[in-house]
Amino acid sequence: PVHITPPLVDASAAPPPPSGPPPGRLPAGFVFHCSSKTEPECYLLSIFACNFNKKVARALKSVKPGAALYSFNISTGDARGPVTARTDMRQGIVPGAFGGRFDYQVRFLEVPELPPIVWRADDGRGPPVGAWTPPSEDEVRAAAARRDETR
């Protein structure tokens, strides 16, 4: 008979780190701008969109299926999400959406209701379109405390 010795296992080896964001932090992803006028259409069609130009194409070229996506409403200063990308960025996924004005689009997985507000820009200025890491719960609380101190 052949005797097989099981491999030695190093019991002191640390387990692999968990995947995903740390507790209290949303996943990094990409942010898209909308307005109070276009936000309902975004979520009705499960599409985020923008004008196609070289700057935007560079900022969004890494959007792939599975990416976390956020919307920033420039009218209200609210960021919502995340939702999950179903497609790469491409032109004309839904021709004529948004009156045909925004033809560079990404489709995301349908959501049963409007995603929660994850951040609010007090000054009305949000992050630029492109890669974005939402602030952690601690960062949001610290910013709120600083605002309260100045009032």
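The values are calculated or read from the model by the stated rules, or taken from the named source; none is laboratory data. This structure is a prediction, so every number in the text was calculated from the model and none was measured. Positions of Cβ are generated from backbone atoms using ideal geometry, with glycine treated the same way; all protein chains shown enter the neighbour counts. SASA here: full protein model, heavy atoms, side chains in, ligands and nucleic acids out. Shrake-Rupley method; radii C 1.70, N 1.55, O 1.52, S 1.80 Å.
Structure data summary
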| quantity | calculated |
| --- | --- |
| Close pairs from region 34-62: first small (Gly, Ala, Ser), partner in a loop (DSSP other than H, G, I, E, B), Cβ under 6 Å, at least 6 apart | Ser35/Ile74; Ser35/Ser75; Ser36/Ser75; Ser46/Glu110; Ala49/Phe102; Ala59/Val129 |
| In region 122-136, the residues that are part of a loop (DSSP other than H, G, I, E, B) and either under 14 Å from the mean Cα position of the chain (by Cα) or small (Gly, Ala, Ser) (or both) | Gly124, Gly126, Pro127, Pro128, Val129, Thr133, Pro134, Pro135, Ser136 |
| Filter pass, Ala121 being exposed (fewer than 13 other Cβ atoms within 10 Å of the Cβ) and hydrophobic (A, V, I, L, M, F, W, C) | no |
| Inter-residue pairs, beta-carbon under 6 Å, first in a strand (DSSP E or B) and in region 94-121, second open to solvent by 60 Å² or more (accessible area, probe 1.4 Å) and of a type in the set (Phe, Trp, Tyr), 6+ apart | Tyr104/Phe52 |
| Residue within region 53-62 that is at pLDDT below 95 and farther than 16 Å from Phe30 by Cα present | yes |
| Among (1) over 18 Å from Pro27 (Cα atoms); (2) open to solvent by 60 Å² or more (accessible area, probe 1.4 Å); (3) not in a loop (DSSP other than H, G, I, E, B), the one test that Glu139 misses | (1) |
| Number of the exception - Leu26 against (1) surrounded by fewer than 18 Cβ atoms within 10 Å (Cβ to Cβ); (2) part of a loop (DSSP other than H, G, I, E, B) | (1) |
| Residue count for region 55-93, restricted to those that are surrounded by fewer than 17 Cβ atoms within 10 Å (Cβ to Cβ), assigned to a strand (DSSP E or B) and within 16 Å of the chain's Cα centre (by Cα) | 1 |
